[in-house]
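The values are calculated or read from the model by the stated rules, or taken from the named source; none is laboratory data. Remember, it's a predicted structure, so these values are computed and weren't measured experimentally. Glycine also receives a Cβ, built like all others from the backbone with ideal geometry; neighbour counts cover every protein chain displayed. Ligands, DNA and RNA are stripped out before the accessible areas are found, and what is left, the full protein with its side chains, is counted by its heavy atoms. Shrake-Rupley method; radii C 1.70, N 1.55, O 1.52, S 1.80 Å.
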Amino acid sequence: MAVTAPDEDVHKVIAAAFDPDFYAAIYTDLPPDMAPFWHYNAQGWREPRDPAPWFSAHHYLADNPDLKLGKVDALFHFLTVGRHEGREVRPSHHAAAYLGRIDWAPPPFRFEAFTRGPPPGARTGPATPAAPTISKADERAAVAGAFDAAFYRAINPDVAASDMAPLDHFLRTGWLEGRDPTPGFSVCDYLEAYSDVAASGVNPFAHYLLAGRAEGRQARHDLGFRYDVIARLQPVAARLAASIAKSATFAAGPAAALAEGLGTLGDLHISVSHDDYLEHSGGLQLCVRREAARFAALGVDHLHLHPAAPWQLVRAEDEPAPLGVMLNGQRLGVYAPATIRDVLGGATSNPGRRSFAIHSLLGHAPDATADILEAAGLTEGFFWLHDFASLCAGVHLLRNDVADCAAPPADSAGCGVCAYGPFRARHTAAHARLFARLGLSVAAPSQTTLDFWRGHGQLSARETVVLPHAELRPRGLAPKVAKHRPFRLAFVGMPAPLKGWPIFRELAERLAGDPRYDLHHLGGRPDPATPATFHPVVVTPDQPQAMQDTLELLEIDAALIWPLCRETFSFTAYEAAASGAAVITGPDSGNVAAFVAASGHGRVLDDEAALFAAFASGEILALARSRRRARLYDLAYSGLTGDLVAAGASA
């Protein structure tokens, strides 16, 4: 039976049953700026990709030969026709890995308003109050009057890059994908709060403007950003399934190619981390770059190993294991760990100076890692504390990504309610195995990090050493600024919950229109919903002082460094202090709080309430440059393991 319907009707039907979290977790090749729902409607159904864990498009088409691959959207056919004809569905073969269990069932999605009545055999209850009928003309007129096109483009780069007008995109598919039309309205919150609107198929923003606002309905919930983080928290099992699936797509290269790329190795340093430090940016990646540069200055080759696909967990020995191999910044390809082990053993027959550093075990298996290092003649080396992965699968020690947990006992109630709790033993056992196989000296970028690790872990290190990633070297007094100008506050870095962006955003909203304050955001991408001046700044190897220089140029009075997690170091805190800005932070920020308390470069406030109160009262204005003798500093960066090896530190 053929199925035809206008595109908008198709989208409404599919949106009622489509699972974007599942789709994104399983299909990791999606373009980064393309929403899962849009990808599925544009091409995914033709391939055919599974739209939800309970529905296998491949099996539905195979079980129904009257439907042709690439010609019929299997999910749309089932929802509109197949279920009424008694056609059966089978779960996606990814379902068990994604859900973490083998049982499955379709979710209680609502598509009755768009299809031909309730599913066969479904019980019917009291009628849901009908939402008002809104014509397309009225819908467009209402939405057009309140729609924020600039905001929509900014938060949806795929729309900005297309030829479609933002308003047209929102009215046609955007709201079905959960995209918001303005900073003050949440499509997802509104549909979640008002089931009658969700069941009606009415555009939620149009409903709010034409009826909901007058009825006292809320444009978005007021439950706080932590609620949003938890609501969107992807199951750890799904992340693992995505890593396994992605890793399985890499074809490992032959031993001969690796042997040719390595040649004969003499003096050698091996580093192990969670990704390609040349392709990705971040604090850890810059650390590996600086370490590689230091060894290059010492005349030592630098061999880097990383998982070919991203992993957020340590890897079990029986899971797909291809590793990317880089020598002196040149990519040699992807190889199986056993191949690397065998080839490396043959390439080091004339060993010279040898060292290794494990910066992250994510995506690596402990025994396979130890085998590779031993093949290179290495049994003693360094293990860096860039995070707390050796204590838990939640490497930032944030319970459900929102609250510091302080690494309680594994059988605690806190671990029992945390998404990472069931996977904690996987990490602690893997690291215990690594420390048992190798003689590891633990290197920490701060004393507070080392002290915490010692107090909450049970791993036995040969030695411990503290080597900060950077140090402040006095340069002189900062230039004077006008006494009566507004207080310039900056958020430094990416607008991510982990780094405290929602707290800055709420502060910015509270201070909007307050003439005492001038708010700025320095980072890689903006958040158009936040009333702060955005300055694009990205620290790169070619511009290592980009953030410090911009802070200094703008004469920022203070930087809000308020991460949710315990920072093991925090480059942004040091960059802010070097520029002459004060650092404002909270008590759970790890080395940020320790650095501020010890150096006097700012204030450590008790909590978020104290932060908001300090700005409301004007107490924080005491940190203005005009009221203190702000000083400038140069940042002297370490060469990490290169410095330790050069100084003869024990491994």
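At a glance:
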read-out	value
Long-range neighbours under 6 Å by Cβ, at least six apart or interchain, first residue over 14 Å from A636 (Cβ atoms) within the range 286-299, second assigned to a helix (DSSP H, G or I) and open to solvent by less than 50 Å² (accessible area, probe 1.4 Å)	E291/T641; E291/G642; F295/G642
Wholly enclosed strands (runs of 3 or more DSSP E) of the range 388-487 bearing at least 3 residues crowded, with 16+ Cβ neighbours inside 10 Å	439-444
Of residues in the range 46-78 being touching a helix residue (DSSP H, G or I) at 6+ places or on another chain (Cβ under 7 Å), in a helix (DSSP H, G or I) and open to solvent by 10 Å² or more (accessible area, probe 1.4 Å), the one nearest to N156 (Cα to Cα)	F76
Pair list, Cβ < 9 Å and 6+ apart or interchain, from the range 164-191 residues that are under 19 Å from M34 (Cβ atoms) and touching a residue at least 60 places away in the same chain (Cβ under 8 Å) to residues that are among the acidic types (D, E) and surrounded by fewer than 17 Cβ atoms within 10 Å (Cβ to Cβ)	R172/D7; R172/E8; T173/D7; T173/E8; L176/E8
Residue count, the range 611-626 (criterion: in contact (Cβ under 8 Å) with a residue 60 or more places away in the chain, surrounded by fewer than 18 Cβ atoms within 10 Å (Cβ to Cβ) and either closer than 23 Å to E509 by Cβ or in contact with a helix residue (DSSP H, G or I) (Cβ under 9 Å, 6 or more places away or on another chain) (or both))	4
Hey, R87 surrounded by fewer than 16 Cβ atoms within 10 Å (Cβ to Cβ) and either acidic (D, E) or modelled with pLDDT of 80 or more (or both) or not	yes
Among (1) among the charged types (D, E, K, R); (2) within 26 Å of the chain's Cα centre (by Cα); (3) under 17 Å from I358 (Cβ atoms) - the single one E319 does not satisfy	(3)
Residue match in the range 492-501 (condition: closer than 24 Å to R631 by Cα and modelled with pLDDT of 95 or more)	yes
Count of the range 340-365 residues which are crowded, with 22+ Cβ neighbours inside 10 Å and either under 24 Å from the mean Cα position of the chain (by Cα) or closer than 16 Å to A256 by Cα (or both)	10
Contacts under 8 angstrom Cβ, first residue in the range 392-418 being of a type in the set (D, E, K, R), partner not in a loop (DSSP other than H, G, I, E, B), 6 or more apart	R399/G414; D401/V229; D401/I230; D401/P497; D401/L498; D404/L398
Residue satisfying condition, being touching a residue at least 60 places away in the same chain (Cβ under 8 Å), among the charged types (D, E, K, R), open to solvent by 10 Å² or more (accessible area, probe 1.4 Å) and not in a loop (DSSP other than H, G, I, E, B), within set D634, D549, D588	D634
Residues satisfying the stated conditions in the range 563-580, i.e. open to solvent by 20 Å² or more (accessible area, probe 1.4 Å) and assigned to a loop (DSSP other than H, G, I, E, B)	R566
